[in-house]
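Before any comments, here is the structure.
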Amino acid sequence: MTYRTDSVYQHGSPGSRPGHVPFAEVFGPVTFVADGVIAAFHETVSILRAVAEGVSRRRRIGSTVHALASLDDHTLKDIGLNRSSIVTTAHMLEVERRRVLW
């Protein structure tokens with residue numbers, strides 16, 4: 001039985017096939033790079049989710065502001081608001097929504 005003499009093809013651990021070297025020993029740097037690519041991908045996805053959540057949050061606030069601004073002064077007074085508190089109320093409702101969901 002003959003073994004190849006270069007370092008990549010020397011026999012592996014006891015009980016392994018002659019000439020077989022585990023993948024991690026041969027391609028260690030490749031798996032290291034792959035792990036880095038996967039980590040970068042997960043970080044990118046995390047960033048994109050945060051951006052998407054921020055955009056959604058701003059849209060919900062804008063939608064609430066638009067809905068409240070479309071009400072007449074008498075209706076706003078009936079629900080305990082005035083025109084100057086519409087934006088603050090929309091932000092407070094969004095904070096409360098996030099609190100309830102988490």
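Read-outs throughout are calculated quantities, based only on the coordinates presented, and are distinct from any laboratory measurement. Note that the structure is predicted; figures quoted are calculated from it, not measured. Every residue, glycine among them, receives a Cβ derived from its backbone with ideal geometry; neighbour counts consider all protein chains shown.
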Report the extension gain between ALA67 and VAL55 in nm, rounded to one decimal, defined as 0.36 nm multiplied by the number of residues separating them, less their alpha carbon distance.
2.5 nm
Measure of compaction for the stretch 24-101 (Cα Rg per 2.2 N^0.38 Å):
1.96
At R0 = 25 Å the Cβ-Cβ FRET efficiency linking SER46 and ARG98, nearest 0.05, sits at 0.90
